[in-house]
Amino acid sequence: MTTDRWAVTTHEWSRSVDAEHLGRIRADPERFAPGGVLHLVLEVLAYASEEADDRGAGRCVVRLHRDGSVSVDDDGRGTDTRLDEHGQPVRKPVMSTRDVRFFDTADAPLLPDGHPRRGISTVAALSAWLVHTNRRPHGSWSQRYEHGVPVTDLVPLDPDGTTGTSVRLLPDARVVPGGLPTGAPDAWVPLLRTWPTLVVDVVDDRPAGAG
């Protein structure tokens with residue numbers, strides 16, 4: 001593939017998985033998920049906020065699921081996915097490699113919880129599983145990861161007339177403290193809604209009193 005010639009803006013296209021990088025994150029969850037699951041959700045929302053900033057406005061839904069997972073669905077452009085010289089889709093390796101803008105940089109911006117932004121690979125590495133779905137005008141795909149490593153190929157999806165990115169993750173309870181908030185996620189909502197151009201709705205699909 002010729003992906004090594006594609007310009008690096010946020011991630012290096014030349015490698016699909018950086019096992020050393022993912023292992024480093026899993027070895028230090030207190031650094032990369034301070035405060036637990038809320039920080040992971042904010043890492044995902046930061047990308048949706050960038051999309052909204054570029055377009056002037058955007059919407060996103062954070063959903064708490066019955067199985068203990070949480071999903072973030074935005075209406076942006078969808079994760080950058082290109083065709084290689086053989087016509088095969090290649091998605092920017094955001095889940096399994098470092099974000100060159102933020103990881104290991106001294107001046108990484110702070111997320112709304114006051115902790116540095118490190119990139120969405122921290123989310124994937126600290127999740128027992130994660131499903132990343134993106135819809136773009138020229139195609140839609142889904143892929144499953146376990147601890148940041150893809151365990152399926154890009155699975156093509158039928159178009160539905162929309163664009164955007166969906167990330168559904170189950171935090172690894174062995175390394176990420178806490179879990180989803182008990183009861184209504186009232187304490188999360190103010191931090192989830194601090195992005196200036198991104199409207200965030202929070203939906204709790206769990207039974208009453210769950211958490």
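The single residue among Pro190, Pro159, Pro207, Pro181 that is assigned to a loop (DSSP other than H, G, I, E, B), closer than 23 Å to Gly35 by Cα and not hydrophobic (A, V, I, L, M, F, W, C) turns out to be Pro181. Checking Val94, Val123, Val90, Val100 one by one, the residue that is among the aliphatic types (A, V, I, L, M), surrounded by 13 or more Cβ atoms within 10 Å (Cβ to Cβ) and either in a helix (DSSP H, G or I) or without any contact (Cβ under 8 Å) to a residue 40 or more places away in the chain (or both) is Val123 and no other. Total residues in region 160-185 satisfying the condition of being touching a Pro at 6+ places or on another chain (Cβ under 9 Å), surrounded by 19 or more Cβ atoms within 10 Å (Cβ to Cβ) and modelled with pLDDT of 95 or more: the figure is 0. Candidates in region 16-34 are the residues that are among the basic types (Lys, Arg) and without any contact (Cβ under 8 Å) to a residue 12 or more places away in the chain; of these, the one that is surrounded by the most Cβ atoms within 10 Å (Cβ to Cβ) is Arg24. May I ask you to verify whether Thr152 is surrounded by fewer than 20 Cβ atoms within 10 Å (Cβ to Cβ), assigned to a loop (DSSP other than H, G, I, E, B) and either aliphatic (A, V, I, L, M) or modelled with pLDDT of 95 or more (or both)? Spelling it out, Thr152 is indeed surrounded by fewer than 20 Cβ atoms within 10 Å (Cβ to Cβ), assigned to a loop (DSSP other than H, G, I, E, B) and either aliphatic (A, V, I, L, M) or modelled with pLDDT of 95 or more (or both).
Are any residues in region 70-97 at pLDDT below 95 and over 19 Å from Arg135 (Cα atoms), and if so, which ones? Those that are at pLDDT below 95 and over 19 Å from Arg135 (Cα atoms): Glu85, His86. So which pairs qualify, if the first residue must be in region 163-192 and among the acidic types (Asp, Glu), the second must be in a loop (DSSP other than H, G, I, E, B), the Cβ gap must be under 6 Å, and the two must be at least 6 apart or on different chains? Going by the 6 Å Cβ cut-off, the qualifying pairs are Asp172/Leu126. Given the criteria part of a loop (DSSP other than H, G, I, E, B) and either surrounded by fewer than 16 Cβ atoms within 10 Å (Cβ to Cβ) or among the basic types (Lys, Arg) (or both), does Gly68 qualify? Answer is no for this residue. Against the test of being aromatic (Phe, Trp, Tyr), in contact with a Pro (Cβ under 8 Å, 6 or more places away or on another chain) and at pLDDT 95 or above, the options Trp141, Trp188 yield a single qualifying residue, Trp141. Is it the case that some residue within region 131-143 is under 17 Å from Ala19 (Cα atoms), surrounded by 16 or more Cβ atoms within 10 Å (Cβ to Cβ) and of a type outside the set (Gly, Ala, Ser)? No, there is no match, as no residue in region 131-143 is under 17 Å from Ala19 (Cα atoms), surrounded by 16 or more Cβ atoms within 10 Å (Cβ to Cβ) and of a type outside the set (Gly, Ala, Ser).
The values are calculated or read from the model by the stated rules, or taken from the named source; none is laboratory data. What you are looking at is a predicted structure, and each value in this text was computed from that prediction instead of being measured. So basically every Cβ, Gly included, is an ideal-geometry build from the backbone, and we count neighbours across all protein chains shown.
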